[in-house]
Structures are given as C-alpha cells and as structure tokens.
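The values are calculated or read from the model by the stated rules, or taken from the named source; none is laboratory data. Because the structure is predicted, anything quoted here is derived from the model rather than measured. Ideal geometry is used to build each Cβ from the backbone, glycine not excepted, and the neighbour counts take in all protein chains shown. Accessible surface areas use protein heavy atoms only, side chains included; no ligands, DNA or RNA. Shrake-Rupley method; radii C 1.70, N 1.55, O 1.52, S 1.80 Å.
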Amino acid sequence: MKISRIALACAMAFGASGVAVAQTSVQLYGHADLSIDYMTKGLSGAHHSVGGGPTPTDPVGHMGYETDVSSNLSYIGVRASHDLGDSGLKALVQFETQVDVASTPSEGGSGVKGAFASRNSFLGIAGNFGAFKVGKTDTPYKLSTGRMDPFSATIGDYNSIMGNTGGDNRAEFDQRLSHSMWYESPNMSGFRANALFSPGMNRASSNTPFFGGGLGGANSNPASGENAVCTGGNLSGGAFDCTDGSFGDAYSVAGVYNAGPFYATLAYEKHKDVNRHGDDNTPLITTGAPSGATVGVGNEQAWKVGLQYSLGEATIIDAIFERMTRGNTPDDFNERQRDGTWLAVTQKFTPKDDINVGWAHAAKTPGSPEGPVDNKSDMFAIGYKHHFDKQANWYAVFARQNNSSQSHFDLGASGHGITTDCHDAAGTCFTGGKIQGASIGAQYNF
C-alpha cells in the first residue's frame, strides 16, 4: 500500500520540499504465511547412512510423525521510487527482511534471517532501457519458473528436487545471491530478458590452509564483506570452512515470453569453481588428491526450459525440464549431474477454490562421493486452496518424497520454515527415506 504520510514525514525529516515529496512514492508491504504440519521422516528399521558404506545403521531418535508450527517465507519490506527530474529516469530502492513469526530469530551458520534487509534489497535506476540494480536478489534463473510452482514455500515446494543438485535441503540453482548486480529489460511485445553477475569476492585459492589440516582450496572462505556466511548458503564446519558448495563468480540469465494464455522461459546459470572438498573420500592434504578419491573444485551449471499454458480461466498446466552438470569430477563420484522434471496442474472449480497437483522427478546421477548408486527420487504433492479475496487464503497440502535406496531428497526446501530431511537426532543423514506429511496453513498479504 502507498504510504503518502510516511513519504511526507521522511521528506520533512530531511528538509525536502513539497515538490520532492510529489516526485517520491513509498510503499510498505508484507506477506504472512504460517502452517501446522504433521510430518514423518519415513526412516523405520535399519538404513544406510551417507558415507557409512554398506553396514546398516539404526537412526537415533524419533523418526515417525511429529507436529510442527512453521512460518514460511513471511516477510516485510519497504520500497520507494523517485523521479529524477525531466530525465525520464527513476531512482529505486528496496529493503526487505524475513520475519520468523513462529520461531525465535537467532544467529546460526547462515546468519540472522530476521536481520534487516536479509531478503531482496537493492538500489537501482530505471528508465525506458529497463532497470539496473545492485544489492541482493533472487536470480533470473530462479524467478523464471517461480510462477510454475503452486506449492511454493509449502512442504510440496518443487525445490525439494528442482534446482537441487545433491538432495539436501537447499537448492543450489534456486537461490538469492548477495553482492550482485543485475539488469532487467523492458517488456518488448511479450519478450523480456534478465541477466545477473555476482562476483565471488573470495581471496581463498588452491593453496589456502584449512583449519582441519591440509588445504581447503578455492572459495573455501566466506566472501569478502560477508559475516561467516559461505556463498551458496552452506557453512561446513568452523567459521572459515566453506567446502560444501561454496563458489566464486556466478552468472544467471533468463529470457521469457508471456502473451495471452502462453508463458515460456529458457534460463541458464553458472557457478565457477564450486568447492566440494567436503565430499572428498580422502583427507584434505592437497587439492590434487588421487583421481576417483576426490570431488574437489569444479564449475557447476544448469539450464532449464519451462512452459505454462492456461486453458481458459479454470485450468493451468506447468512443465519444466532441467539439466544440471558439474565438471572436473570423475563420473563415478559425480552426484551433481542429472536431469530433473516438473509437471503441475491447477484446476479451479469455483472462482475462489482450486486444487493443485504436482510431480517432480530426479533422475539418477553418474555416481556419488561413495561411488555409483541408485539415487533417483520422485516427489508427489496435492493441495487445496480457498481464496477469501486477493489478499487472504487458507490451504492444505499433502506431499511425499519417494527416495530410492541411496537417495536422500527432503521436503520443504527453499522456503518452508521447517524442513523434513534425511538426518536423525544425532545429525547423521540416512538414505531411502519415504518422507511425507500433511500441512494446513493461511496466508495474508498487504
């Protein structure tokens, strides 16, 4: 909503004139999403732990159904635009932060999520040429297919598989990247293009020492200016242990066409020198460990094509194909290279009620840090949503992650407040879990 009195108060506080107020627009906005979940890890009896070899191990703790209260991507933000005289240009600014409604905000390995400007925040300029911005944002790759996930931020979020290279509770190719600069094109007869560059800002190289002994390798430290947060959102151990997916420079581009009932997109993203030494099967003595025993450092990239078609106002069909690859890793140990597919249908049966059905499939990878394995997975989701109006709704979702014997994909990645993953109470990750559960929640936007 536009807050003219806030704009006036800010202008008066800084001694601005009434003309300046008229040229400035300020908007306060927010999103609240809370749910009650009933979830199980699906780990009953003996299972294989990741990296534990063929010996069966019993998970520690309660692996059955548990009730959770979850806040899911709730946030609040303020944005403003200011006309720059007769130039036809506008200055843009936005600060957005996550709000942990149901949990206690705290500092952890990924920083303080509730800190001011923890979400998409930037300073930019816009005109007939489009817009150029600097700050942090969801990548063009992520945004290009976001509209194709009717389960976003729920336990059925498609990021449990899509954009997710390793089956963990993070999606490497569906991220918000800090210290970035990006361009957004204007609408050209239905066509738009976005491009982003995020410099690695990382002084670590192949001979950087590792606190555990030996060498950590390239990008094994947090980026310059970041507070003990590894690029890619993964802190492996100590304050400077970025050996589980931290990368250097990142590039992300997407082109979209949107006209009438048809929406299509083609997107590509590349992460340079991704540090995976945390997956090595040998001690980190050198970055040149024997071939077949190390995952090491290598480039990772992904491309996808997405199609959405609306049949009248009642039915929406979504389809995505994605290909993710990693270089500099022997095939037998490469768990980051695979195909992924997503199919979803939204069916409205009244103007205020709709049913959503989704299926995501992770194809088998060439291998894993432990060697060749069967690590396919399928995620199924079904949901109902009732819209009170454009600002408020309530929803119910059931989702199941059907892991094969050696895969460990989770539910609720990239947005759901509580992720149900492969770990037992002792922190050990187990494969083959049949994770499933039900969730009921409500959303309100202003």
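Remark: pairs (first residue in region 39-53, within 15 Å of F409 (Cβ to Cβ) and open to solvent by 50 Å² or more (accessible area, probe 1.4 Å); second residue at pLDDT below 75 and among the acidic types (D, E); Cβ separation under 9 Å; 6+ apart in sequence or on different chains) = V50/E370.
One residue stands out among those in region 59-93 that are assigned to a strand (DSSP E or B), of a type in the set (A, V, I, L, M) and open to solvent by less than 60 Å² (accessible area, probe 1.4 Å): the one that is farthest from G427 (Cα to Cα), which is A91. Just one of the numbered conditions (1) at pLDDT 95 or above; (2) among the polar types (S, T, N, Q); (3) open to solvent by 10 Å² or more (accessible area, probe 1.4 Å) is not true of T145: (3). Being β-branched (V, I, T) and closer than 19 Å to K376 by Cβ is the filter here; which residues of region 321-346 pass it? The answer is T325, T341.
The residue of region 100-124 that is nearest to A228 (Cα to Cα), among those that are open to solvent by less than 60 Å² (accessible area, probe 1.4 Å) and at pLDDT 90 or above, is R119. From the list E226, E269, the one residue that fits, being among the charged types (D, E, K, R), under 25 Å from A171 (Cβ atoms) and modelled with pLDDT of 95 or more, is E269. Among the residues of region 160-217, just one is at positive phi and of a type in the set (S, T, Y), namely S189.
For the residues P186, P209, the requirement of being over 30 Å from Q406 (Cα atoms) and either among the basic types (K, R) or free of Cβ contacts under 8 Å to residues at least 24 places away in the same chain (or both) singles out P209. A413 passes every criterion in (1) among the hydrophobic types (A, V, I, L, M, F, W, C); (2) closer than 17 Å to A344 by Cβ; (3) not in a loop (DSSP other than H, G, I, E, B) apart from (3). If the condition is being open to solvent by less than 20 Å² (accessible area, probe 1.4 Å) and touching an Asp or Glu at 6+ places or on another chain (Cβ under 6 Å), then region 169-184 contributes only F173. Against the criterion of being hydrophobic (A, V, I, L, M, F, W, C) and closer than 23 Å to A302 by Cβ, A126 does not qualify.
For the criterion of being closer than 16 Å to G278 by Cβ and either under 20 Å from the mean Cα position of the chain (by Cα) or open to solvent by less than 10 Å² (accessible area, probe 1.4 Å) (or both), G166 passes.
Residue by residue, here is whether (1) in contact with an Asp or Glu (Cβ under 6 Å, 6 or more places away or on another chain); (2) under 27 Å from T97 (Cα atoms); (3) modelled with pLDDT of 60 or more; (4) not in a loop (DSSP other than H, G, I, E, B) holds:
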residue	(1), (2), (3), (4)
G15	no, no, no, no
V19	no, no, no, yes
V26	no, yes, yes, yes
G30	no, yes, yes, yes
D33	no, yes, yes, yes
Y38	no, no, yes, yes
G42	no, no, yes, no
G45	no, no, yes, no
G53	no, no, no, no
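Of everything in region 415-429 that is buried (at least 24 other Cβ atoms within 10 Å of the Cβ) and within 17 Å of A362 (Cβ to Cβ), the residue that is farthest from the chain's Cα centre (by Cα) is C422. Here D389 meets each of (1) in contact (Cβ under 8 Å) with a residue 12 or more places away in the chain; (2) out of contact with any helix residue (DSSP H, G or I) (no Cβ under 7 Å at 6 or more places or on another chain); (3) part of a loop (DSSP other than H, G, I, E, B) with one exception, condition (1).
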